[in-house]
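S.K.: Below is the structure I would like to discuss, written out as structure tokens.
What follows is calculated from the coordinates using simple rules that are stated; it is not laboratory data. Every value quoted in this text rests on a predicted model; they were computed, and no experiment measured them. In this analysis, Cβ positions are derived from the backbone assuming ideal geometry, glycine residues included, and neighbour counts consider all displayed protein chains.
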Amino acid sequence: MSEEILINVTPRETRVGVVENGVLQEVHVERALRRGYVGNIYRGRVSRVMPGMQAAFVEVGLERAAFLHANDIVRSVPVGNGEGQEGENGEVAAMSTPPISELVHEGQDIIVQVVKDPIGSKGARLTTHLSIPSRYLVLLPYAKMIGVSVRIEDEAERVRLKDIVQELTVQQPTDSSPQPSVLSPQPPQLGYIVRTNAEGASRDALADDVAYLGRVWRVVQENMRRVEPRARVYEELALPLRALRDMMREDVEKVRVDSRETYEKTIAFTQKFMPALAERIELYSGERPIFDLYGVEDEIQRALKKEVPLKSGGYLIVDQTEAMTTIDVNTGAFLGHRNLEETVYKTNLEAAQAAARQLRLRNLGGIIIIDFIDMTDAEHKRQVLRMLEKSLAHDHAKTTVYEMSSLGLVEMTRKRTTESLERQLCEPCPACDGRGSVKTAETVTYEIFREITRAVRQFEASSLLVLAAQKVVTRILDEESAAVAELEEFTGKTIRFQAEEHYAQEQYDVVLL
């Protein structure tokens, strides 16, 4: 599988596209005025404690107060060697959770890290289990453990990596303090998670990462003591460097950057942290925009539509709501060549691959329901589920897929940390307020008639003027002219109608004259 990373930079926006075998798989967008907050560390101040929710709201300088659950507050330093605690996001072993009021109080300053950006009407999600990633490792200041990503499956490699990191960190300074302070943390020993990228990495490369993370942590500790409340202590890397850190692997053939300034930054970053891959970064200076090389712009536009055509003639309908995302599979024009079951099976197989790609491309997360076409053959169901899991294997986000139900529904989850592509690039339609439909001209007509009757009963007026959309006025004057005459006779008022070019179909005003 050949993979390329395309980095497009303009003064106010940076975009990164991941292309596999010539097909766009992921798009990441970062705007200067709305940079994401995930990974940033803040000195926050508790503004409200909510015992009923076992949570607190913390002011960190963002537009809305952020949310901190009791389970996400460091209470003691876990002790152990990391067995059974492995993962890339640094979760530690679960412990019984005391009441939130025993952990924090209003007005308290606390060091927190953003784990989820503000999404919709929800504020950011916080944790005090700090983690700072590098190329191969994730530093866990409050977890005395060394874990290895579960995606590294070779047991010998897992043991090798763990031994190297233990050897590199055994000389770290220790502190006898059993409980870290929220403002002056002195962990007894820094913990680490070995990332998937570290598979095959040399001892020297891991040693460089340990040294780098040590330097970063010392700066973070100094900033914790120095900054004022509601201020940032540590900022995550900008999108281009973050993309290289998290996505640059041996199977990435090229990284093309269309900005000289960003190119120089990526070269310096790569030479420092992954020198063997620095030669794969190219400055793109072609006349065609870089995202036109593989039709990326067209793919982004298609990713904002609900319908996704399949090569077979079938199609998907992707519907994102506040609670979940649903993907409906339809055979469409695909008739197959043998029988109905075979047609359904082939459509579902193709749909499983397409659905997995759309989840990555649209950055859809949370609860996802895929409604495959009903199949009667149990083996076909297993094969479709297996195809879905195989297609999700390259996804950087954590996914969990459950068994197919008797109705052909597959429930799954995908870790969500940022807004979906649609919600980053779009806003609710002002005409329908995001409903996806508008009232018919007929419905609006009868609403206007009711409003006229209501207004005449409440206020004195000699005549009325109705302002409405052209389509609504045309319908009233043509199809409803008799009804208007009856209404004038009933109210004893003259009613005039005026079309307004800029009115949406549901918009109207009844003016008393």
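S.K.: Quickly work out the E167-to-H69 label distance, labels modelled 7 Å from Cα along the C-beta direction, and quote it in nm with one decimal.
M.R.: Spacing of the two 7 Å Cα→Cβ label points: 4.0 nm.
S.K.: Oh, and also: Longer than 28 Å from Cα to Cα, which of K305/K471; K306/K381; K306/K390; K122/K144; K144/K415 are they? Say none if no pair is.
M.R.: Pairs exceeding the cut-off: K122/K144.
S.K.: On to the next question. How high is the relative contact order of the chain, in percent, counting Cα pairs under 8 Å that sit 6 or more residues apart?
M.R.: Relative contact order of the chain: 12 percent.
S.K.: Using Cα atoms only, what is the angle between the long axis of helix 481-491 and the major principal axis of the chain, expressed in degrees (0 to 90) to the nearest 10?
M.R.: Computed tilt is about 80 degrees.
S.K.: Go through 141-148, 384-391 and give me the packing order, highest mean Cβ count within 10 Å leading.
M.R.: Values: 141-148: 24.5, 384-391: 17.8.
Answer by packing, highest mean first, reads 141-148, 384-391.
S.K.: Now, a different point. Could you list the square roots of 5 times each eigenvalue of the Cα gyration tensor of the stretch 305-424, that is, the equivalent ellipsoid semi-axes, sorted largest first and rounded to whole Å? Write down the numbers at each step before the final one.
M.R.: Working: eigenvalues 114, 48, 28 Å².
After diagonalising the Cα gyration tensor, the semi-axes are 24, 15, 12 Å.
S.K.: Now for a different question. For the residue pair D204 and E264, what label-to-label distance in nm results when each label sits 7 Å from Cα along the Cα-to-beta-carbon direction?
M.R.: Taking the two extended label points, one gets 2.8 nm.
S.K.: Can you give me the Rg/Rh ratio for the stretch 441-512, using Cα atoms for both radii and the Kirkwood formula for Rh?
M.R.: We get a ratio of 0.93 for the stretch 441-512.
S.K.: In degrees between 0 and 90, to the nearest 10, how far off the longest principal axis of the chain does helix 203-226 point, with axes built from Cα atoms?
M.R.: 70
S.K.: Next question, about the same structure. What is the sum of charges, Lys and Arg at +1 and Asp and Glu at -1, for the other residues whose Cβ falls under 15 Å from the Cβ of K439?
M.R.: -1
S.K.: Given the chain, report the % of alpha carbon pairs whose separation exceeds 32 Å.
M.R.: Of all Cα-Cα pairs in the chain, 57 percent lie more than 32 Å apart.
S.K.: Further, regarding this structure: How many percent of Cα pairs in the stretch 264-330 exceed 18 Å?
M.R.: So the pairs more than 18 Å apart make up 64 percent of the total in the stretch 264-330.
S.K.: Measure nothing but the geometry: give the 0 to 90° angle between the long axis through the Cα atoms of 340-362 and the longest principal axis through the Cα atoms of the chain, rounded to 10°.
M.R.: Taking the Cα atoms of the chain, the angle to 340-362 is about 70 degrees.
S.K.: Using +1 at the C-beta of Lys and Arg and -1 at the C-beta of Asp and Glu, which of G366, S149, S134 has the Cα lying farthest in the positive direction of the dipole of the chain?
M.R.: S134
S.K.: I've got another one for you. Per the Kirkwood treatment, what hydrodynamic radius in Å, one decimal, follows for the stretch 19-80 from the mean inverse distance over all distinct Cα pairs?
M.R.: One decimal place: 15.2 Å for the Kirkwood radius.
S.K.: Another question about this same structure. Given the -39500 (n - 2.57) contribution per DSSP H run of 4+ residues, what per-residue ellipticity at 222 nm results for the chain, rounded to the nearest 500 deg cm²/dmol? Write down the numbers at each step before the final one.
M.R.: Details: 12 runs with 154 residues, N = 513.
-9500 deg cm²/dmol, from helical runs alone.
S.K.: Quick check on the chain: of the DSSP beta bridges with both residues there, what percent are antiparallel, nearest 5%?
M.R.: The antiparallel proportion sits near 75 percent.
S.K.: List the lysines whose Cα sits under 17 Å from the Cα of K265, skipping any in the same chain fewer than 8 residues away.
M.R.: K254
S.K.: How many nm separate the modelled label positions at Q301 and E250, each set 7 Å beyond the Cα in the direction of the Cβ?
M.R.: Here the answer is 4.0 nm between the modelled labels.
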